[in-house]
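Below you'll find the structure, written out as structure tokens, and then a few comments.
Where a number appears in this text, it was derived from the coordinates with a stated rule and is not lab data. It should be emphasised that the depicted structure is a prediction, and the values quoted were computed from it without experimental measurement. Glycine also receives a Cβ, built like all others from the backbone with ideal geometry; neighbour counts cover every protein chain displayed.
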Amino acid sequence: MSPDYTTSPAPAPARLFISVVSHHNAEEIINALQPHRFVGPHSQVILLDNRPEKSLAHYAADHQLHYLRNEQPQGFGANHNRVFRHCCDHLGLVPERDVFLVVNPDVVCGARAPEQLAQEMLAHEAAIGAPNLFKDEAMTLHEQSVRRFPYLWDLLPSFLMRRNRTGIDRARVTEPVAVDWASGACLAIRGDVFRQLDGFDERYFLYYEDVDLCWRARRDLQVPVWYFPSVKLVHTGKRASHGLFNRHLWWHLSSALRFARVRHLGGR
């Protein structure tokens with residue numbers, strides 16, 4: 001009797017679904033981020049036009065990128081949650097295997113940076129991963145994109161004196177390490193974790209959605225965020241909430257207070 005050499009098929013490789021939301025950012029996306037470069041055998045790009053512009057729709061069509069548009073503008077969390085649902089329902093995202101990557105339109109990086117981040121996550125069995133973000137193209141100025149969870153008493157110095165009490169000295173961190181939370185400017189989450197958390201909490205219209213998601217992942221699922229210093233990107237962010245008496249500052253403050261309440265009282 002011949003021996004049975006049959007084996008089960010090799011598992012399909014993890015795929016990367018990259019979500020980019022535009023808020024009148026067509027020029028940045030087309031000329032700086034250039035997300036068409038990220039498309040590969042195991043990666044797809046989905047553009048959601050929150051304030052539709054014809055130029056972005058044409059760009060997506062020219063490069064065969066998935067394109068969605070809103071009839072009414074939505075917040076950060078609602079937009080990326082919509083993209084995730086679209087990936088699951090129409091693009092074949094398998095939550096237990098695939099990675100959902102949120103990327104801001106004002107990020108600049110090499111073509112392989114998203115794939116490199118996903119590979120680092122796989123190598124370290126990480127369910128949430130974050131890259132090394134810089135403010136300048138020379139990559140000499142670290143952005144405060146990796147931090148400790150803030151307490152209520154950390155907020156006043158941050159808003160009144162622009163003193164960051166929760167930052168981590170990333171210049172001293174040279175190897176992958178677990179951190180409290182990382183910026184949603186570029187944040188990768190395995191699909192099953194994102195689904196179990198019901199995605200971003202849409203009650204945060206802008207700001208602190210990333211902090212809240214990382215907090216709930218740690219609290220409810222015992223899933224940490226991993227920071228990978230070798231994956232380097234530039235975040236040119238306008239930092240609109242840094243000026244006084246504008247709606248971005250109000251959104252930032254109200255979101256911070258909401259998170260402080262969640263941290264101290266539990267729930268969502």
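Annotations for the structure displayed:
- For the range 53-101, the gyration tensor built on C-alpha atoms gives an oblate shape. Its axis ratio a/c (a ≥ b ≥ c) is at least 1.5, and a/b is not larger than b/c.
- Here the gap between Leu141 and Gln34, fully extended at 0.36 nm per residue and compared with their Cα-Cα distance, gives a gain of 36.2 nm.
- J(HN,Hα) series, the range 117-129, from Karplus relation 6.51 cos²θ - 1.76 cosθ + 1.60, nearest Hz, glycine and proline x: 4, 5, 5, 4, 4, 5, 5, 9, 6, 8, 9, 9, x
- Neighbour counts of C-beta atoms inside 10 Å place His58, His142, His63 in the sequence His58, His63, His142, starting with the fewest.
- Prolate/oblate/rounded label for the range 49-141 (Cα gyration tensor, a/c 1.5): oblate
- Residues with amide H under 5 Å from that of Ile18, placed H, sequence gap 5 or more: Gln44, Val45, Ile46, Leu101
- Between Arg85 and Val177, the modelled labels are 3.9 nm apart [label points 7 Å from Cα along Cα→Cβ].
- Proximal charge balance of Val225 [Cβ under 9 Å; K/R count +1, D/E count -1]: 0
- Per-residue ³J(HN,Hα) for the range 130-138, Karplus 6.51 cos²θ - 1.76 cosθ + 1.60, θ = phi - 60°, Hz, x for Gly and Pro: 9, x, 9, 9, 10, 8, 10, 5, 6
- Distance (nanometres) between label positions extended 7 Å along Cα→Cβ at Asp198 and Arg69: 3.1
- Relative exposure of Asp210, Asp220, judged by other C-beta atoms within 10 Å (fewest first): Asp220, Asp210
- Taking amide hydrogens as placed 1.01 Å from N in the peptide plane, the amide H of Gly184 sits under 5 Å from those of Asp210, each at least 5 positions away in sequence or on another chain.
- Net lengthening on full extension, Ala111/Ser55 (0.36 nm per residue, minus Cα-Cα): 18.0 nm
- By the count of other C-beta atoms within 10 Å, a proxy for reagent exposure, Ile29, Ile168 are ordered fewest to most as Ile168, Ile29.
- Proximity of backbone amide H atoms, modeled 1.01 Å from N, is registered between Leu68 and Leu47, Leu48, Asp49 at under 5 Å, excluding neighbours fewer than 5 places apart on the same chain.
- Full-extension gain in nm, Asp220 to His23, via 0.36 nm per residue minus C-alpha separation: 67.8 nm
- Applied to the range 44-60, the Karplus parametrisation 6.51 cos²θ - 1.76 cosθ + 1.60 on θ = phi - 60° returns per-residue 3J(HN,Hα) values of 10, 10, 10, 9, 10, 8, 6, 10, x, 10, 4, 4, 6, 4, 5, 4, 4 Hz, with x for Gly and Pro.
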